[in-house]
2 protein chains.
Amino acid sequence: MKNSKKHTQKIRKQIIGLISGTSSDGIDAALVDIEAQGHERKVDLKAFETYAYPKKIRSKILELAHAEKIILDELCSFQIILGDLFGDAALAIAKKAKVPLSQIDLIGSHGQTIRHLPPTASFNRGMSFQIAEAAMIVCKTKVTTVSDFRVNDMAWGGHGAPLTPYLHYYLFHQVGYGVAIQNIGGMSNVTVIPSNASLKDVVAFDTGPGNALIDAMVSHATRGKKQFDADGAMAAKGKVQTLFLNKLLKHPFFFKKPPKSTGREEFGVVFAKHILSLAKGMSMEDLIATVTALTAHSISENYFRFVFPKTKIREIILGGGGAKNKTLVHFLKRCMPMISHKRFEDYGYNSSAIEAMAFALLAFETSQGTCANLPEVTGAQREVVLGKVTPGANFRSICLK
Amino acid sequence: MKNSKKHTQKIRKQIIGLISGTSSDGIDAALVDIEAQGHERKVDLKAFETYAYPKKIRSKILELAHAEKIILDELCSFQIILGDLFGDAALAIAKKAKVPLSQIDLIGSHGQTIRHLPPTASFNRGMSFQIAEAAMIVCKTKVTTVSDFRVNDMAWGGHGAPLTPYLHYYLFHQVGYGVAIQNIGGMSNVTVIPSNASLKDVVAFDTGPGNALIDAMVSHATRGKKQFDADGAMAAKGKVQTLFLNKLLKHPFFFKKPPKSTGREEFGVVFAKHILSLAKGMSMEDLIATVTALTAHSISENYFRFVFPKTKIREIILGGGGAKNKTLVHFLKRCMPMISHKRFEDYGYNSSAIEAMAFALLAFETSQGTCANLPEVTGAQREVVLGKVTPGANFRSICLK
């Protein structure tokens with residue numbers, strides 16, 4: 001009896017979520033209000049900002065992320081430097097939201113990934129290494145901080161990713177019909193939420209490249225002057241070379257059954273160079289158009305193979321930088337004309353803030369001792385409580401004997 | 001009122017402490033009963049064992065600890081491999097003590113240090129990097145695990161070391177007179193506990209070399225056949241060369257005021273080679289005797305300079321491998337004949353288990369939200385709760401809303 005009462009109690013927390021993605025542009029900081037009652041969660045964004053990394057910091061991150069060998073002393077001091085910056089981002093977002101730090105219950109910090117090694121056939125445990133020392137965040141803010149969200153899932157054989165579907169579920173499960181949340185970042189991933197789904201019904205996987213290949217082509221075509229195809233304008237000027245597109249669509253990843261995940265190891269600089277070598281003689285406009293089509297078609301082919309046969313989907317909800325590429329969105333609509341196409345913004349959400357909001361929610365679940373990985377999604381053997389908790393000044397109030 | 005009642009409640013926990021020291025021989029595992037009431041702690045050792053590392057593991061650790069550049073992917077997978085071994089050690093010590101894992105409240109895992117970089121004049125935050133992924137320990141044992149004990153202190157500008165004086169205090173503060181706990185491991189450190197001391201009165205610092213230089217001389221003299229001077233037998237055959245000893249005792253570290261810490265960077269292989277180059281022509285027995293005397297005199301000179309002028313000490317209590325070196329102990333007694341010389345064992349403690357016991361106690365303090373660094377000792381700006389908490393199956397029972 002006591003227990004059931006406890007579960008229907010309303011709990012409110014103000015939490016800051018922090019993350020820097022693989023693009024390593026800066027720290028996304030979201031301050032959210034979380035209201036939990038039983039199995040329901042309301043996640044309300046109060047303030048959001050991306051705090052750009054200083055140039056030197058960004059290049060050091062990219063160096064650490066790409067070098068085979070690294071100087072260990074440098075990594076150690078960089079943990080501190082980044083932790084300090086993450087702490088600053090927390091201070092800044094609280095200030096922006098006009099919320100005193102003493103009213104912040106928790107910080108959830110994803111940190112900065114410098115290695116993500118999924119489990120393989122030869123080594124059945126993967127490892128994901130995020131830096132930005134949580135103790136520095138606590139030192140700056142005094143707020144108890146949850147970090148290292150991926151390793152607990154990976155200890156149980158999971159990929160430690162994706163973790164954002166947990167938030168997607170709470171944002172969209174009540175719309176009343178099946179939806180696919182399609183995030184187009186560097187890579188692309190989908191979260192499938194069937195109508196009337198419970199958390200266990202959620203399916204999510206990487207569909208393949210997002211903006212990474214388009215960006216690489218644009219950078220090549222402009223000799224580094226442009227880093228991405230703003231609004232899809234360059235792609236709009238070209239013509240999709242169908243034969244070449246069909247060849248690229250034969251990539252085995254698009255045929256692989258979920259759960260599956262990918263990264264720049266598979267669809268990064270090396271693959272972009274491969275495309276360039278195959279596309280000799282093609283105009284750059286045509287090439288950018290074709291690679292944009294590749295991104296759209298690889299998404300839709302995944303849907304036709306692995307989503308639509310199992311789940312009735314009425315709507316696709318787009319997020320990530322790719323949602324701003326009009327040509328890409330146009331191609332996607334042409335591939336899947338029978339479902340409606342929306343954006344996070346149509347639901348009143350800031351799509352840039354989603355990942356930071358997710359780690360705020362995940363920190364909340366950690367503080368409640370609630371498992372928040374989705375084993376069907378990550379491939380882990382079981383549900384686990386995620387993260388490591390670094391105690392802040394308010395730790396006593398969240399910690400019992 | 002409520003609070004004061006809470007503080008006088010008796011709390012009992014069964015906790016496993018795990019650590020591998022800088023010698024990287026294996027994992028020390030201690031299962032302890034902790035009884036806490038107000039500011040008192042009883043720490044009762046139930047079982048102890050050192051689980052030797054497989055040879056390949058040890059060489060990989062030494063490689064990571066000494067190489068400037070490391071392969072980051074290897075470090076990531078090694079985190080998992082070591083975490084797995086630490087988990088095994090926890091399982092084994094619980095089995096040895098015949099305590100079911102479901103009755104273990106917490107694990108405190110120090111992990112394996114691969115870098116310890118104290119704060120410097122140019123970078124005011126140090127960093128200490130311990131590996132052995134706690135999520136793997138939790139995966140194996142299901143027990144909530146506290147790890148990463150040093151970084152929170154270092155975030156506040158501390159050295160993150162030493163942390164064992166916290167346990168020393170609780171083991172010896174009630175003896176009724178001033179004592180010095182002298183640990184002689186690779187390096188040597190002292191914990192000074194004045195008569196009727198409170199925790200804030202504890203002083204602790206590194207005194208300089210422990211066995212490191214003696215071991216290096218023995219290894220040199222025997223061309224690697226022996227790694228240490230068993231019972232001090234080799235030193236006993238030699239004659240201390242006083243002039244040479246006095247020269248070595250001029251090392252500035254012995255004159256430096258506490259708080260201070262040192263390591264193999266200062267008194268390791270490089271310094272050993274320096275001694276060998278200065279000692280040309282000296283017999284190896286004399287050299288080993290002289291370096292053994294250096295170790296003893298450097299300890300006592302630190303006492304005469306920094307301990308005795310401030311604190312009345314009646315007893316020195318020896319621990320660590322050096323306590324087994326009869327010649328070293330003989331020299332120490334000759335240097336400080338006015339105080340009585342004892343060993344941990346004289347008090348019924350297993351001196352090999354002390355460090356593992358310390359991290360069990362520190363994990364307990366983390367779970368209570370109690371600060372357990374000693375700022376006077378570590379140099380941190382303030383007291384902090386140490387560690388990061390990785391949730392296990394029993395996390396709900398130690399975690400509130």
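Write out the chymotrypsin sites (Phe, Trp or Tyr not before Pro) in the stretch A:38-144 meeting two conditions: DSSP loop, and at most 15 other Cβ atoms within 10 Å of their Cβ. Each step should come with its number before you reach the end.
On the way: sites: A:48, A:51, A:78, A:86, A:123, A:129; in loops: A:123.
Filter output for the stretch A:38-144: A:123.
Looking at the protein assembly as shown, what % of its DSSP beta bridges pair antiparallel, to the nearest 5? Could the numbers behind the result be given before it?
Numbers: 89 of 121 bridges.
Of all bridge pairs located within the protein assembly as shown, approximately 75 percent are antiparallel.
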Listing of the stretch A:71-101 residues, each with accessible area lower by at least 30 Å² in the full protein assembly than in the chain alone (probe 1.4 Å): A:71, A:72, A:73, A:76, A:80
Rounded, prolate or oblate (a/c below 1.5 giving rounded, otherwise prolate when a/b exceeds b/c) for the stretch A:10-151 by Cα gyration tensor: oblate
Among A:67, A:121, A:296: highest mean-square fluctuation, GNM of chain A, C-alpha pairs under 10 Å: A:121
Pairs from B:200/B:342; A:388/B:324; A:60/A:247; A:10/A:388; A:200/B:142; A:46/A:388 whose Cα-Cα separation, in the structure shown, is over 28 Å: A:388/B:324; A:60/A:247
Cβ-vector label at 7 Å, residue A:231, separations to other copies in nm: 8.9
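Using r as the Cβ-Cβ distance of residue B:222 and residue B:345, and R0 as 22 Å, what FRET efficiency do you calculate, to the nearest 0.05? Don't jump to the answer; show the numbers that get you there.
Values: r = 29 Å, r/R0 = 1.30.
With R0 = 22 Å, the Cβ-Cβ based efficiency is 0.15.
Given the DSSP H assignment, sum -39500 (n - 2.57) over each helix run of at least 4 residues in chain A and divide by its residue total; what's the result at 222 nm in deg cm²/dmol, nearest 500? Kindly include the intermediate steps, with their values, before the conclusion.
Working: 16 runs with 153 residues, N = 401.
About -11000 deg cm²/dmol.
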7 Å along Cα→Cβ, label-point gaps from residue A:11 to other copies, nm, shortest first: 1.9
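Report relative contact order for chain B in percent, whole number only (criteria: Cα-Cα under 8 Å, sequence separation at least 6). Walk me through the numbers before you get to the answer.
Numbers: 835 pairs, mean separation 82.9, N = 401.
After rounding, I find 21 percent.
Which of the three applies to the stretch A:192-327, rounded, prolate or oblate, going by the alpha-carbon gyration tensor with a ≥ b ≥ c and a/c under 1.5 meaning rounded? Please report the intermediate quantities before stating the final value.
Numbers: a/c = 2.12, a/b = 1.82, b/c = 1.17.
It comes out prolate by the Cα gyration axes.
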Lys, Arg +1 and Asp, Glu -1 on Cβ, resulting dipole of the protein assembly as shown about Cα centre, debye, nearest 20: 540
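Report the calculated FRET efficiency for residue A:56 and residue A:96 (r = Cβ-Cβ distance, R0 = 22 Å), to the nearest 0.05. Please report the intermediate quantities before stating the final value.
Working: r = 25 Å, r/R0 = 1.13.
That pair, residue A:56 with residue A:96, gives E of 0.35.
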Computed magnitude of the charge dipole of the stretch A:267-401 (debye, nearest 20; Cβ of K, R +1, Cβ of D, E -1): 120
Accessible area buried at the B-A interface, both sides summed, 1.4 Å probe (Å², nearest 100): 5000
Residue with peak Gaussian network fluctuation, chain B [Cα springs, cutoff 10 Å], from B:388, B:69, B:239: B:69
Equivalent ellipsoid semi-axes, chain B, via Cα gyration tensor eigenvalues times 5, rooted, Å: 35, 25, 19
Karplus-derived 3J(HN,Hα), 6.51/-1.76/1.60, for each residue of the stretch A:159-172, Hz, glycine and proline x: 7, x, 7, x, 10, 5, x, 4, 6, 3, 4, 5, 6, 10
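Considering only DSSP beta bridges whose two residues both sit in chain A, what percent are antiparallel, to the nearest 5?
DSSP beta bridges in chain A are roughly 70 percent antiparallel.
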Whole-number accessible area per residue in Å² for the stretch B:289-401, which is evaluated in the context of all protein chains at 1.4 Å: 36
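Give me the net charge for the shell around residue B:244: Cβ to Cβ below 15 angstrom, other residues only, Lys and Arg +1, Asp and Glu -1.
Numbers: positive: B:239, B:247, B:250, B:280; negative: B:285, B:286.
Summing Lys and Arg as +1 and Asp and Glu as -1 gives +2.
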Coarse-grained scattering of the stretch A:282-401 at q = 0.11, 0.21, 0.22, 0.23 Å⁻¹, given as base-10 log I(q)/I(0) from a Debye sum over alpha-carbon atoms: -0.60, -1.22, -1.26, -1.29
Partner aspartates and glutamates for residue A:95 [C-alpha distance under 13 Å; skip if fewer than 8 residues away on the same chain]: A:49
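Quick one, what does Rg over Rh come out to for the protein assembly as shown if you take C-alpha atoms and the Kirkwood Rh? Let's see the in-between values first.
Working: Rg = 29.4 Å, Rh = 28.5 Å.
On the Cα set of the protein assembly as shown, Rg over Rh gives 1.03.
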Inter-copy separations for residue B:196, label at 7 Å along Cα-Cβ, nm, ascending: 7.6
Within the accessible area of the stretch B:140-268 (1.4 Å probe), percent carbon and sulfur: 53
Residue-by-residue Karplus 3J(HN,Hα) for the stretch B:333-349, coefficients 6.51, -1.76, 1.60, Hz, glycine and proline x: 5, 5, 6, 10, x, 7, 10, 7, 10, 10, 10, 3, 4, 5, 9, x, 9
Whole-Hz couplings from phi, Karplus 6.51/-1.76/1.60, listed for the stretch A:196-206; x for Gly and Pro: 6, 6, 9, 3, 5, 7, 5, 10, 8, 6, 7
Nitroxide proxy distance, nm - points 7 Å out along Cα→Cβ at residue B:381 and residue B:230: 5.2
GNM flexibility winner over chain B from B:54, B:162, B:375 (Cα, springs under 10 Å): B:54
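I need the calculated FRET efficiency for the pair residue B:334 and residue A:120, taking r as the beta carbon distance and R₀ as 51 Å, to the nearest 0.05. Present the calculation step by step, with values, prior to reporting the outcome.
Values: r = 60 Å, r/R0 = 1.18.
Computed FRET efficiency for residue B:334 and residue A:120: 0.25.
The values are calculated or read from the model by the stated rules, or taken from the named source; none is laboratory data. Predicted model only: the values in this text are computed from it and were never measured. Cβ atoms come from the backbone with ideal geometry, glycine included; neighbour counts cover every protein chain shown. Ligands, DNA and RNA are stripped out before the accessible areas are found, and what is left, the full protein with its side chains, is counted by its heavy atoms. Shrake-Rupley method; radii C 1.70, N 1.55, O 1.52, S 1.80 Å.
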